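The structure appears below as structure tokens.
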Amino acid sequence: MRHKKKGRKLNRTASHRKALMMNMALALISNKRIQTTDAKAKELRPYIERLISYAKKGDLHGRRLILRKLSGSSGKNAANVLIHEIAPACKDRNGGYARIIKLNNRKNDNAPVSLIELVDFAGASEVEPTPTEEKSEKTE
């Protein structure tokens, strides 16, 4: 039984999960919204919200905590974006920085797909997946 066992394994090793979360967080920070499976989105939300909370502190220790989770040169760039762009936009918000919107299932393997986005940047990217409205236009 998994009593008090936090988190999902996502059918990956620990190092693979760590790399997956880091790469998905980097993609979310740079694009402000990404599309992924439900389980990955549910794991990414607490990960990214903790990073934004560190960024809101704005001190050296917060930056080092972010760089511990986001390594490499792209992590440094993402830390700068977190501290200088995202954290000031979220300064009045006490948590709940990311939103998960459930979409349809994926076509090839029928996996449930979700859209995870940063709440204060919801209107930043204009590309929003639309349901099958385009099919009806093509048939006419």
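The values are calculated or read from the model by the stated rules, or taken from the named source; none is laboratory data. Remember, predicted model here, so these are calculated numbers, not experimental data. Reconstructed Cβ throughout: ideal geometry from the backbone, glycine too, with neighbour counts over all protein chains shown. Surface areas here come from the heavy atoms of the whole protein model, side chains and all, with no ligands, DNA or RNA. Shrake-Rupley method; radii C 1.70, N 1.55, O 1.52, S 1.80 Å.
Regarding Lys69, is this residue charged (D, E, K, R), modelled with pLDDT of 95 or more, within 15 Å of Met21 (Cα to Cα) and out of contact with any Leu (no Cβ under 9 Å at 6 or more places or on another chain)?
Numbers: charged (D, E, K, R): yes; modelled with pLDDT of 95 or more: yes; within 15 Å of Met21 (Cα to Cα): yes; out of contact with any Leu (no Cβ under 9 Å at 6 or more places or on another chain): no.
Spelling it out, it is not the case that Lys69 is charged (D, E, K, R), modelled with pLDDT of 95 or more, within 15 Å of Met21 (Cα to Cα) and out of contact with any Leu (no Cβ under 9 Å at 6 or more places or on another chain).
Just name the residue that is surrounded by the most Cβ atoms within 10 Å (Cβ to Cβ) out of those in region 75-99 that are within 21 Å of Gln35 (Cβ to Cβ), in contact (Cβ under 8 Å) with a residue 24 or more places away in the chain and not aliphatic (A, V, I, L, M).
This residue is Tyr97.
Condition first: in contact with a strand residue (DSSP E or B) (Cβ under 7 Å, 6 or more places away or on another chain) and either in contact (Cβ under 8 Å) with a residue 12 or more places away in the chain or open to solvent by 40 Å² or more (accessible area, probe 1.4 Å) (or both). Now tell me which residues in region 5-41 satisfy that. Spell out how you get there, then give the answer.
Initial filter on region 5-41 (in contact with a strand residue (DSSP E or B) (Cβ under 7 Å, 6 or more places away or on another chain)): 24, 27-28, 32-38, 41.
Matches in region 5-41: Met24, Leu28, Lys32, Arg33, Ile34, Gln35, Thr36, Thr37, Asp38, Ala41.
As an exercise: evaluate Leu65 against (1) closer than 27 Å to Ile101 by Cβ; (2) open to solvent by less than 40 Å² (accessible area, probe 1.4 Å) and give the number of the one condition it does not meet.
Going through (1) closer than 27 Å to Ile101 by Cβ; (2) open to solvent by less than 40 Å² (accessible area, probe 1.4 Å) one by one, Leu65 breaks only (1).
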